[in-house]
Amino acid sequence: MATLKEVISCTSDYDPDALTVAKANEVIRSFVRPVSGVEKLPVRAALGRVLARNIISLINVPSHDNSAMDGYAVRSADLPQTEAVTLAEIGAAFAGKEFAGKVGPGQCVRLMTGAVMPEGTDTVVIQEAVTAYGGRITIPPGQEPGQNRRLAGEDLQRGKSALRAGTLLRPAELGLIASLGIGEVSVRRKLKVAFFSTGDELVSVGKRLKAGEVYDSNRYTLWGMLTRLGCEAIDMGVVRDDPKKLEAALRKAAASADAVVTSGGVSVGEADFTKQMMAKLGEVVFWKIAMRPGRPMAFGRIRGRRRSAYLFGLPGNPVAVMVTFYHFVRGALLTMMGRNDIELPLLRARSGTAMRKKPGRTEYQRGVLELKNGEWTVRVTGAQGSGILRSMSEANCFVVLGHEQGGVKAGDPVDVMLMDGLV
Ligand code: AMP
Ligand code: MG
């Protein structure tokens, strides 16, 4: 496996003191590797997990040609050209109950949605189109040969790949797997991610605040994001700004987890002792990223007892924690989970508000995307300070102002990223 130093040496325009979001992600994604470890689970228990192996379909779904509508199965050769045609109804077929005989010229069979197409027929005329009288079915012209027929294997074909390794198993995939008659799937094991907050000013909920203290909210947002991402989140509490305690916490975290996420302690004043201490534990780089919020960040790999873990040292400000998690840690953890779809789509929306912005950094303003007069419009959620967590809570999207971009006038189009993409 390449060292972080090697990965960085292969990265062009690498400047740790003014790193673009894209470069930081390039380094992170080329350094992290999927974890090994696969387990077999019943289909429902696999919801939210990542498929470890391709699923090859052993059957055709559907297994037979069948009807997409309630109506009459006919032979396309019997369909009327210019004048209506009358056929003899010789029986019926239902979903799960086939018509046993063969349909000859001039004949038809009544059938319901999902019923197997009777032998000799290839077309379904919907019941609303015909006139039925005493077993005689009159069909008007204007029918297409093959209409309203579902073909065997049109959903999933025998011998072909139904789902690829790396697919997130959502409700649609659970159903798809069940439609193949499969009851158990091989999924990647859950990622173990240890997390803790650093800071002498932090107080855990349930205790009384003294002057200058703040409640530790980062451990709650981090727990929530890790859990929604499908990780096993290991809460290691609050660690004081003391190199010895920090070192012990990092060693312990690295010994038990695949990745360690910390908040606080990487800003310029604090980074010096952290840097020296982290350097002892493995390979860690300190970045100033050209972004707002969330400029400082540490990234690397640290050793615990007998094993090592990726380290994400996030800034302390509550919004910066969420934004850096969203835009760096999320993709890294999904890569480690073996996911094959990581990028989040950007949508274009009209900005309802003007936004000041300097070229040379990426900004993630918190926004509300809403439909106004038939057009998707986005407005920012008030004050955007990196300590104002309400700006995240009120938002349903990020307004992504790109690296090169300058300010935005009200009415300009902007890029928007929906927050539900986290899961
Ligand atoms: P730092 O990055 O450690 O300098 O912290 C930057 C700011 O974020 C300071 O105002 C801290 O009080 C605040 N902060 C750091 N950690 C937390 C936390 N876990 N919960 C809430 N605020 C925090
Ligand atoms: Mg701090």
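Return the carbon/sulfur percentage of the accessible area of the range 1-60, one whole number, probe 1.4 Å, all protein chains in place. Intermediate results must be reported in sequence, preceding the final value.
On the way: 1870 of 3400 Å².
Taking all protein chains in place, the range 1-60 shows 55 percent carbon and sulfur surface.
Among 244-252, 363-371, 263-271, how do they line up by average Cβ neighbours within 10 Å per residue, starting with the highest?
Numbers: 244-252: 17.1, 363-371: 20.6, 263-271: 18.7.
With the highest mean Cβ count within 10 Å placed first, the list reads 363-371, 263-271, 244-252.
Using Cα atoms only, what is the angle between the long axis of helix 243-256 and the major principal axis of the chain, expressed in degrees (0 to 90) to the nearest 10?
Orientation of helix 243-256: about 30 degrees from the principal axis.
In terms of modelled amide H atoms, which long-range or inter-chain residues lie less than 5 Å from the amide H of Met69?
Answer set, sorted by chain and number: Gly114.
Can you give me the C-alpha center-to-center distance between the range 1-53 and the range 190-261, rounded to a whole angstrom?
22
What angle, in degrees between 0 and 90 and rounded to the nearest 10, separates the Cα long axis of helix 218-228 from the longest principal axis of the Cα atoms of the chain?
20
Identify all aspartates and glutamates with a Cα-Cα distance to Lys358 below 15 Å; exclude those on the same chain that are fewer than 8 residues away in sequence.
Glu404
In nm², what is the average projected area of the convex hull enclosing the Cα atoms of the range 4-139? Show your work: numbers first, answer last.
Values: hull surface 68.1 nm².
Answer in nm², one decimal: 17.0.
Restricting to DSSP loop positions (anything but H, G, I, E, B) with no more than 10 other Cβ atoms inside 10 Å of their own Cβ, which trypsin sites (Lys or Arg not before Pro) remain in the range 296-326?
Answer in residue order: Arg305, Arg306.
Determine, for each peptide in 119-131, 338-350, the mean count of other beta carbons within 10 angstrom over its residues, then list the peptides with the highest first. Can you show the working numbers first?
Details: 119-131: 17.6, 338-350: 14.5.
Ranked from most to least packed, the peptides come out as 119-131, 338-350.
Using only the alpha-carbon atoms of the chain, report the extent along each of the three principal axes, biggest first, to the nearest angstrom.
Computed over the chain, the largest-to-smallest principal extents equal 92, 54, 49 Å.
Within straight cross-link reach of Lys190, meaning Cα distance under 22 Å, which lysines are found once same-chain residues fewer than 8 apart are removed?
Lys190 reaches Lys40, Lys252.
In Å², and per residue, what accessible area does the chain have when probed at 1.4 Å with the other protein chains present? Please list the in-between numbers first.
Numbers: 20650 Å² over 423 residues.
Accessible area per residue: 49 Å².
Among the aspartates and glutamates, which fall within straight-line cross-link reach of Lys245, defined as a Cα-Cα distance under 13 Å, with same-chain neighbours fewer than 8 residues apart omitted?
Cross-link targets: Asp200.
For the range 278-295 and the range 95-132, what is the separation of their Cα centres, given in Å?
68
Need one number for the range 165-310: average projected area of the convex hull over its C-alpha atoms, nm². Mind showing how you got there, number by number?
Values: hull surface 47.8 nm².
Averaging across all directions leaves 11.9 nm² for the Cα convex hull.
What ranking, highest mean first, results for peptides 38-44, 214-220, 153-159 when packing means the other Cβ atoms within 10 Å averaged over each residue? Walk me through the numbers before you get to the answer.
Numbers: 38-44: 12.7, 214-220: 18.6, 153-159: 14.9.
The peptides rank, most packed first, as 214-220, 153-159, 38-44.
Once you compute Rg and the Kirkwood Rh from C-alpha atoms, what is the Rg to Rh ratio for the range 262-411? The partial results should precede the final answer.
On the way: Rg = 17.5 Å, Rh = 17.0 Å.
With Rh from the inverse mean 1/r over Cα pairs, Rg/Rh is 1.03.
Once every Cα of the range 320-365 carries one equal point scatterer and solvent is ignored, give the base-10 log of I(q)/I(0) from the Debye formula at q = 0.22, 0.30, 0.32 Å⁻¹, two decimals.
Taking Cα atoms of the range 320-365 as identical point scatterers yields -0.95, -1.14, -1.17.
The values are calculated or read from the model by the stated rules, or taken from the named source; none is laboratory data. Everything quoted here is computed from the prediction, not taken from an experiment. Here the Cβ is made from the backbone with ideal geometry for all residues, glycine too, and neighbour counts use every protein chain on show. These accessible areas exclude ligands, DNA and RNA; they are computed on the full protein's heavy atoms, side chains included. Shrake-Rupley method; radii C 1.70, N 1.55, O 1.52, S 1.80 Å.
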